[in-house]
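Asks: I have a structure I would like to understand better, so I am pasting it below and will then ask my questions one at a time.
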Amino acid sequence: MNTTLNRLIRLNVELEGALRVAAGRPSPEALEAAREKFDEMTALFATLAPASATDQHDEEQTQLKYDEALNGEDSPMDEPTDSMVPADGQIVETDAEAEAVPAATSAPAPEAQRETPAQESRPIAVDERMLKSDLRKSFTLNDKFRFRRELFGGDDAEFSDTLDLLATMHSLSEAEEYIYDDLQWSREDENVAEFMDIVANFFNTRK
């Protein structure tokens, strides 16, 4: 028996080598060489002990899996049946899973549900990001190109920063003070006048 077992060990090593060759360079010859090693191992195993009906079934299953591996075929996955997948696509928990979920906490006593006294209303702060966005939308694409070129020397960053600053101001008069006094833009300039018309409309619609 020891001689047979030693031969099986050597055949196992040779079979592994043959399978690696077949995997690297698939060909009928490589597959046949691996199959011969496997058949020889199977024959030797049969000499060790008589095969029962169960053993024969297991051998057939092993041969089938071996053939599928050589041919590069994977065993097909079980397709979900209608009973496994709910109609609405939602996961249905089992009774055991439902029991594992702790019961919902009972509702608080009426005393705990009493409403707190109404708080004094406070003025809602205006989102500065929204204001900046609204002012930017007030300018058409052509307006942006023209004013950026005529009033900001083509500097897109300066143009954007000015719009953002104007949008955060509280009134049109504050915006005019910034434009005419701080930036010292001329009221007689046609581009300045049209720019301020858009800004004025923004403040009028924001009231």
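The values are calculated or read from the model by the stated rules, or taken from the named source; none is laboratory data. Remember, it's a predicted structure, so these values are computed and weren't measured experimentally. Virtual Cβ from ideal backbone geometry, glycine too; neighbours counted across all protein chains shown. These accessible areas exclude ligands, DNA and RNA; they are computed on the full protein's heavy atoms, side chains included. Shrake-Rupley method; radii C 1.70, N 1.55, O 1.52, S 1.80 Å.
Asks: For the stretch 11-31, name all the residues that are open to solvent by 70 Å² or more (accessible area, probe 1.4 Å) and outside any helix (DSSP H, G or I).
Replies: Selection gives ARG25, PRO26.
Asks: Among the residues of the stretch 146-163, which ones are outside any loop (DSSP other than H, G, I, E, B) and either buried (at least 17 other Cβ atoms within 10 Å of the Cβ) or touching an Asp or Glu at 6+ places or on another chain (Cβ under 8 Å) (or both)?
Replies: Hits for the stretch 146-163 are PHE147, ARG148, LEU151, PHE159, THR162, LEU163.
Asks: Can you name every residue in the stretch 166-193 that is open to solvent by less than 80 Å² (accessible area, probe 1.4 Å), without any contact (Cβ under 8 Å) to a residue 40 or more places away in the chain and closer than 18 Å to PHE139 by Cβ?
Replies: LEU166, ALA167, MET169, LEU172, ALA175, GLU176, TYR178, ILE179, LEU183, TRP185, ASP189, ALA193 - these are the residues of the stretch 166-193 that are open to solvent by less than 80 Å² (accessible area, probe 1.4 Å), without any contact (Cβ under 8 Å) to a residue 40 or more places away in the chain and closer than 18 Å to PHE139 by Cβ.
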